[in-house]
Amino acid sequence: MNQNSQNTIRRSASGFAVILLFALFLSYPGQAQNNRDLIWPHFRGLNGSGVHETSGLPKAVGPDTNVIWKRQVPVGYSSPVLNDKYIFLTAIEEGKLLTICLNRQTSATVWQAEAPRPREEPIDNRNNPASPTPAIDDQSVYVFFPDFGLLAYDFQGHELWSLPLGPFHNGYGMGASPIVAGNKVVLVCDQTYGSFIIAVDKKTGRLAWQKERPEAKSGHSTPIVYQPVNGELQIIIPGSFLLISYSANTGERLWWVNGLPCEMKATPVIYNDMVFTHGFGMPQNDFGNQSVIPAFDEALTKFDANKDGLIDKAELPKDEPYNQVANMDLKEGGKLDAGEWNYFKASLASVNSMMGIRLGGSGDRTDSGTVWRYYRRVPQLPSPLVYNNKLYMINDIGFVTIFNPADGTVIKEGRLTAGGSQFYSSPVAGDGKIFFVSRGGKVSVLNADGSTDIQAISDLKEECYATPAIADGRLYIRTVGTLYCFGVK
């Protein structure tokens, strides 16, 4: 990794001995769920799918409607993860970075652990120091705090290992969550410079491999895994311009698809033999709005008035598209070098879209792997969902588009007019129902029949940034101050 990024990895010794972890057979879409304990183990559940099949999920939910229990929790934007006994959250309270374990049946606190906080990273006011969601296997919970790094605890709250990371360079703050892939914990750290992906041994926290991601700038997507029928386990992650598949064993880049916008936030989903991802960089990336600017050498001739070999922002025109150049000053030096200018050029040429991509292969799969693209009303934040053979996409202002996942044909589209005006949370599904939670705390429920007609709507009366979790006829929703367990009594 580039030493200039200052993302030096330093492993610290834990005060507790590392306990022996049992071998875990992870299950992903298309494989049998052999480990009953892992119900909702990562951000958006099993392999980021957002789906858990169960029965008896309530349609009507609210502060006093179908509440099994509710309890106050410290602020955090991370989503709950859970097994058959426990719920795990991260939070920040009075400046302390907390990992919290709750009893799933009663909501009682089982344990709470504080992580070190050697710094306070600059962060956008829409982000939070406890935004990344924990990940669990059958023995341990793994958490990432951008103000410290990675930590692992057993289910009794004993720290197993810690791995300091950073500092980071992301104007919005870090947002990607760790996942468990085989015997490794994988974390993607995309930032304005010095982006990388790492895999560490989940028993010891020792670095297994690390790969730079030089093309990635300011990303927030959480990876997923892909297990071919005959082949090695792979890590799939979208970032600036590229969706890349890495070997989970070695970190080798196996295949990739170009055509993504400059910044990615959503988590992709797999269905059958395809992966679906969408990205929105800026309004200038909407289809038809692309701008062509000169190559760096030509730009120097045209704009470099003081002949210093750099392009000063003050030397550029003030109109479109050059008024966007402030966002491309990655090193915040007031001037763009060749790398920053090339990123600026590529960003303006990129296109916001939803993409359907065929899984597998090797090398550049842009032409052979891209099955379809869709360019209208693409979201920044909420991740896609495939349920009941339909692909759902909700944009940031509540417009839902439903696709045939095989070919991208639009089945239905419509606005959740009463469901809220902003969406940070991603949709989840189970029991024939799809749940959408707005930033304002309104919960909209659709039937999984391809209709956009709201079947029920509720108001939790608190802001909500976290994505819900589903398990065994229960719906778990975290607002800024409350964790709810909903179910039909």
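Figures for the structure shown
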| quantity | calculated |
| --- | --- |
| From GLY473, GLY441, GLY432, residue being without any contact (Cβ under 8 Å) to a residue 40 or more places away in the chain, on the phi > 0 side of the Ramachandran plot and not hydroxyl-bearing (Ser, Thr, Tyr) | GLY441 |
| Tabulated pairs, segment 256-283, first of a type in the set (Ser, Thr, Tyr), second in a loop (DSSP other than H, G, I, E, B) and surrounded by fewer than 23 Cβ atoms within 10 Å (Cβ to Cβ), C-beta under 6 angstrom, 6+ apart or interchain | TYR271/PRO405 |
| Residue in segment 175-232 that is farthest from PRO80 (Cα to Cα), counting only those that are part of a strand (DSSP E or B) and acidic (Asp, Glu) | GLU212 |
| Output for segment 81-100, where each listed residue is of a type outside the set (Gly, Ala, Ser), within 22 Å of the chain's Cα centre (by Cα) and closer than 21 Å to ASP147 by Cβ | VAL81, PHE88, LEU89, THR90, ILE92, LEU97, LEU98, THR99, ILE100 |
| Subset of segment 88-111 (residues that are among the acidic types (Asp, Glu) and outside any strand (DSSP E or B)) | GLU94 |
| Yes/no for GLY398 being touching a Ser or Thr at 6+ places or on another chain (Cβ under 6 Å), small (Gly, Ala, Ser) and within 24 Å of LYS265 (Cβ to Cβ) | no |
| Residue within segment 79-90 that is farther than 28 Å from LYS433 by Cα and out of contact with any Ser or Thr (no Cβ under 8 Å at 6 or more places or on another chain) present | no |
| Condition check for GLU121: without any contact (Cβ under 8 Å) to a residue 24 or more places away in the chain and within 30 Å of TRP209 (Cβ to Cβ) | no |
| Scan of segment 374-406 for residues that are over 22 Å from ILE224 (Cβ atoms) and in a loop (DSSP other than H, G, I, E, B), ordered by number | TYR375, ARG376, ARG377, ILE397, GLY398 |
| Hits in segment 357-395 (condition: crowded, with 19+ Cβ neighbours inside 10 Å and out of contact with any strand residue (DSSP E or B) (no Cβ under 6 Å at 6 or more places or on another chain)) | PRO379, GLN380, LEU381, SER383, ASN395 |
| Qualifying residues in segment 210-243 (those that are farther than 16 Å from ALA346 by Cα and of a type in the set (Asp, Glu)) - the one modelled with the lowest pLDDT | GLU232 |
| Tally of residues being touching a strand residue (DSSP E or B) at 6+ places or on another chain (Cβ under 6 Å) and assigned to a strand (DSSP E or B) across segment 259-275 | 4 |
| When residues of segment 113-127 are limited to those that are more than 17 Å from CYS189 (Cβ to Cβ) and in a loop (DSSP other than H, G, I, E, B), the one nearest to the chain's Cα centre (by Cα) | ARG126 |
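The values are calculated or read from the model by the stated rules, or taken from the named source; none is laboratory data. Since this is a predicted model, take the numbers as computed values, not measurements. No Cβ is skipped: glycine too gets one built from the backbone with ideal geometry, and neighbour counts run over all protein chains shown.
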